[in-house]
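Note sheet for the following structure.
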Amino acid sequence: MQESLVGRVLDAAMGCGGSYADIFAEDTLIHSLELQDGKVSQTRQVCLHGAGVRVLKGGATGYAYTMDLRRKALIDAARFAATIGGKEPLSAMPGIDGVDDELLLPCAQPAVSPGHVRELLLQADQMAHDMDARVVRVKAAVATNSRQLFFANTEGVSYTDYRPFTSIVVRVVMDQDSQSQMGYSTRQMQLEPSFVTDEVIRQVVREAVDRTSILFEAVRPEGGEMPVVMAAGASGIFIHEAIGHAFEADFNRLGTSIFSGRLGERICGPDISIVDDGSLAGDAGFLRWDDEGVCNPRTLLVDRGVLNSYMHDRISAAYYGVSPTGNGRRESFRFPPQPRMRCTYMLAGEVPPADIIRSVKKGIYAQTFTNGQVQIGAGDFTFYMKQGYLIEDGKLTRPVRDVNIIGNGPQALGDIGLVGNDLKIDHSAGMCGKGGQSVLVSQGLPTVLVNRLVVG
C-alpha cells in the first residue's frame with residue numbers, strides 16, 4: 001500500500017518534466033516540562049504530522065507540504081511542487097481515484113510520562129539546594145522528542161527512521177554578600193529519556209552550581225589583543241560559528257563565504273584537521289541518513305591544513321560535480337533541505353593541555369560561552385565568554401567573566417599555534433539556526449592556543 005501510494009506521489013511530482021523528486025514525511029511528538037522552585041511553571045506538547053514534496057528542475061526548486069498524509073492531499077502537494085515556472089504537465093497527471101489511504105507512518109507515542117519527568121526535575125531541585133546553601137532558586141526542564149520519519153525519492157532510495165531526543169537543563173541562582181549570580185548546565189542526546197539517570201542529573205546540577213559559584217570570585221580582565229586558549233569541549237562553538245558555517249556549500253556556491261573558490265588551498269597549519277561527523281551514535285548531530293536520503297557518515301573538511309571539502313546537499317553537490325556529503329538537513333517537513341552541520345570538530349593534536357597553558361605568559365583561558373555572532377562573508381565573529389581564567393606566567397589564576405572574544409574566523413584558524421591531545425565532544429544543548437530553520441547540532445574541540453584574539 002505504501003509503495004503504491006509513494007510511487008503515485010512521485011509520479012505526480014515528475015509530471016512537469018522535473019529531473020528529481022522526493023517526499024519527506026514525519027510524525028513527531030514534542031513534550032517539555034519545566035519546574036521552578038519545585039512547582040510546574042510550564043508544560044508544552046506539540047505534534048508535527050505531515051509531508052513535504054520537493055521537485056528539482058535545472059536550477060529551480062519546487063516545494064510544497066501538507067499536514068494531511070492521505071492520498072489526495074499528497075498528490076495535490078506533488079502537483080503543486082511540480083509546476084516550477086508555471087509549466088504545463090507533460091502528460092496527464094495520475095488520478096486520485098481509489099481509497100484515500102494514509103501513508104504508512106505510525107503516530108508517535110509519548111516517550112515518558114509527565115509524572116516521571118516531574119520526579120526527575122524535583123530530584124534536580126533538591127540536589128542543587130543540598131550541594132550549596134547559597135542556592136536560592138532552581139529552574140529545571142526536560143524536553144523529549146519522538147520523531148518518526150519516512151523518505152523516498154525518484155532514484156529508488158527510501159528509508160524509515162526513528163530519531164528520539166532528550167534534553168535536560170538546570171539553571172541556578174545563588175546569593176552571596178548581597179550579590180546574585182546565575183549559571184546553568186545542559187545535556188542533550190538523540191536518546192530515549194532513560195539516558196537521564198541519577199548520575200547524569202548529578203553531573204548537570206554539579207556543573208550548574210560550580211559554574212555559578214565561581215562567578216562570585218570572577219573579575220573582568222583588561223582588554224586588548226592577546227593569546228586565548230580555548231578549552232576542550234564547549235569551546236567547539238568557535239569551530240561551529242567562526243568557521244563551520246563558512247564551509248557550508250550553499251554560501252560558497254553563491255560566493256558569499258570567505259572560503260569561496262579556495263578548495264585545495266592551504267588555509268591553516270598542517271597540524272589542523274576538521275571534520276563534520278554524523279556517525280556518533282546518540283550525539284545530537286547523529287544521522288543514519290540525512291534528510292535527502294544520503295548516507296555519508298563523515299566529511300573531512302580540512303585535511304592537515306588544506307581545505308578538502310565543503311558540506312553539500314544534493315543541489316550544491318550537483319553544482320560542484322561531487323557526491324553529496326550527507327549534510328542535507330531540514331527542521332521539519334515544512335522546509336526543503338539545505339547544507340547544514342551535524343557534529344563539527346577539530347581532530348586532536350599531540351600537545352598535552354598543561355603544556356599549552358604553560359606556553360602562555362599572559363592571556364585568557366576560555367571555558368564556556370553563551371552565544372555568538374558571525375558574518376559569513378567576512379568571517380568576523382564575536383563570542384560572549386561566560387566563564388574562564390586569566391593565564392599569568394603559564395598558570396591559571398583568577399577566574400574571569402563577562403568577556404567578549406572578537407576575531408576573524410580564517411585569520412584565527414591560521415593563528416592557531418598549538419593543538420591539544422584531548423579532543424572532547426560537547427553534549428550541552430545546541431540548536432543551529434539558518435534560513436529560518438533550526439536543527440540539532442553538536443561540536444567539539446581539543447584544547448587549542450590561538451595566538452592572537454581581541455579580548456573586550
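The values are calculated or read from the model by the stated rules, or taken from the named source; none is laboratory data. Keep in mind that what you see is a predicted model, and the values were worked out from it rather than measured. Because the Cβ atoms are built from the backbone with ideal geometry, glycine has one as well, and the counts that use them run over all protein chains shown.
With (1) buried (at least 24 other Cβ atoms within 10 Å of the Cβ); (2) at pLDDT 95 or above; (3) over 17 Å from Gly278 (Cα atoms) as the list, and Asn421 as the residue in question, which single condition is left unmet?
Asn421 satisfies all of (1) buried (at least 24 other Cβ atoms within 10 Å of the Cβ); (2) at pLDDT 95 or above; (3) over 17 Å from Gly278 (Cα atoms) except (1).
Tell me which of these Ala81 doesn't satisfy, since it passes every other one: (1) under 26 Å from Ser32 (Cα atoms); (2) modelled with pLDDT of 90 or more; (3) not β-branched (Val, Ile, Thr).
All conditions pass for Ala81, except number (1).
Checking Gln123 against (1) at pLDDT 95 or above; (2) in a strand (DSSP E or B); (3) surrounded by fewer than 21 Cβ atoms within 10 Å (Cβ to Cβ); (4) not aliphatic (A, V, I, L, M), only one condition comes out false. Which one?
(2)
Look at segment 288-305 and say how many of its residues are surrounded by 18 or more Cβ atoms within 10 Å (Cβ to Cβ) and of a type in the set (A, V, I, L, M, F, W, C).
Residues in segment 288-305 being surrounded by 18 or more Cβ atoms within 10 Å (Cβ to Cβ) and of a type in the set (A, V, I, L, M, F, W, C): 4 in total.
State yes or no: is Val229 at negative phi and not assigned by TED's automatic domain parsing to the domain that holds Tyr20?
Against the criterion (at negative phi and not assigned by TED's automatic domain parsing to the domain that holds Tyr20), Val229 qualifies.
Does Val157 satisfy being closer than 30 Å to Ala78 by Cα, modelled with pLDDT of 95 or more, out of contact with any Ser or Thr (no Cβ under 9 Å at 6 or more places or on another chain) and not assigned by TED's automatic domain parsing to the domain that holds Phe369?
yes
In this structure, does Arg211 turn out to be touching a helix residue (DSSP H, G or I) at 6+ places or on another chain (Cβ under 9 Å), in contact (Cβ under 8 Å) with a residue 12 or more places away in the chain, surrounded by 14 or more Cβ atoms within 10 Å (Cβ to Cβ) and charged (D, E, K, R)? So that I can check it myself, show each step before the final result.
Details: touching a helix residue (DSSP H, G or I) at 6+ places or on another chain (Cβ under 9 Å): no; in contact (Cβ under 8 Å) with a residue 12 or more places away in the chain: yes; surrounded by 14 or more Cβ atoms within 10 Å (Cβ to Cβ): yes; charged (D, E, K, R): yes.
Criteria not met by Arg211.
Residues are listed down the side, and each one gets a yes or a no for (1) under 27 Å from Lys362 (Cα atoms); (2) assigned to a loop (DSSP other than H, G, I, E, B); (3) aliphatic (A, V, I, L, M):
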| site | (1), (2), (3) |
| --- | --- |
| Val205 | no, no, yes |
| Ala208 | no, no, yes |
| Pro227 | yes, no, no |
| Ile237 | yes, no, yes |
| Ala246 | no, no, yes |
| Arg262 | no, yes, no |
| Asp271 | yes, yes, no |
| Ser279 | no, yes, no |
